[in-house]
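This report concerns only the one structure given below.
The values are calculated or read from the model by the stated rules, or taken from the named source; none is laboratory data. These numbers were taken from a predicted model, which means no experiment stands behind them. Accessible surface is based on the protein model in full, side chains and every heavy atom, while ligands, DNA and RNA are left aside. Shrake-Rupley method; radii C 1.70, N 1.55, O 1.52, S 1.80 Å.
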Amino acid sequence: MNKVWVRVIGGALLLLIGVNWGLQGSGAYGMSGGMNGQSQWLLIGIVVAVVGLAMLVGGVRKLRSGKQS
């Protein structure tokens, strides 16, 4: 597997994890305990999701341009 696909898959995973952490931190799941409702996990989730989105978009752009190195 080449580096572009690692970037795309890694970016997608980070995006999903970041969104999940952000939702837990905001209390959107309606549970109690753990990460739920804690604002630091909302911020961490947002940062991780943005990094994942940047990796994903960068990887997809390289795939579309044909530069798979």
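Between 0 and 90 degrees, the angle of helix 3-26 with respect to the longest Cα principal axis of the chain falls at about 10 degrees. Of all the accessible heavy-atom surface of the chain, with the other protein chains kept in place and a 1.4 Å probe, what percent is carbon and sulfur? With neighbouring chains kept in place, the figure for the chain is 68 percent. Mean residue ellipticity at 222 nm, helices only, the chain: -26500 deg cm²/dmol; runs of at least 4 DSSP H residues each add -39,500 (n - 2.57), and the sum is divided by the number of residues.
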